[in-house]
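To start, the structure itself, in structure tokens.
Computed from the coordinates by the stated procedures, all read-outs in this text should not be read as laboratory data. Since the model is a prediction, treat every value here as computed from it, not as a measurement. Reconstructed Cβ throughout: ideal geometry from the backbone, glycine too, with neighbour counts over all protein chains shown.
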Amino acid sequence: MANIQIAENRQLSELLEKALSTQANLNRILLEKIEAKDKTIELLQIENQQKCNEKLELQQKLDDSEDEKLELQHKIDSLEDENLELRQRVDPYSPDCLSIEDSCDEEY
């Protein structure tokens, strides 16, 4: 009976060693998968950061363009105001003005 018990214990020990070896392999595979997922997450975060930076650069360019557009519009408005001022200061009965008006009348 003792021999049977010893044989069974040996079989159980062998099965336990195989189970522990299998568990160690599974743990290694799981760790590799976790590391691969971590690397993928890291790469996605880098890609996302790059896209955010590009978006910020494009937004800055858009803002700069809008600022430039406003500056140009302000210059146009100033020039139009200056033009109007100059027209109002010119004597409407001066010979230059009359000749301009005459030439305009002749065209119509």
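Extension gain for residue 83-residue 5 works out to 16.7 nm (0.36 nm per residue, less the C-alpha to C-alpha distance).
Summing +1 for each Lys or Arg and -1 for each Asp or Glu, what net charge is found among the other residues whose Cβ lies under 12 Å from the Cβ of residue 60? Numbers along the way, then the final one.
Working: positive: 55, 61; negative: 54, 57, 63, 64, 66, 67.
In short, -4.
Using θ = phi - 60° in the Karplus curve 6.51 cos²θ - 1.76 cosθ + 1.60, the 3J(HN,Hα) couplings for segment 3-17 round to 5, 5, 5, 5, 5, 5, 4, 5, 4, 5, 5, 5, 4, 5, 4 Hz; x is entered for Gly and Pro. Only lysines eight or more places from residue 33 in sequence, or on another chain, were considered; those with a Cα closer than 24 Å are 18. What is the sum of charges, Lys and Arg at +1 and Asp and Glu at -1, for the other residues whose Cβ falls under 15 Å from the Cβ of residue 39? Around residue 39, the surrounding residues sum to -3. Between the beta carbons of residue 18 and residue 53, assuming R0 = 41 Å, the FRET efficiency works out to 0.20 to the nearest 0.05.
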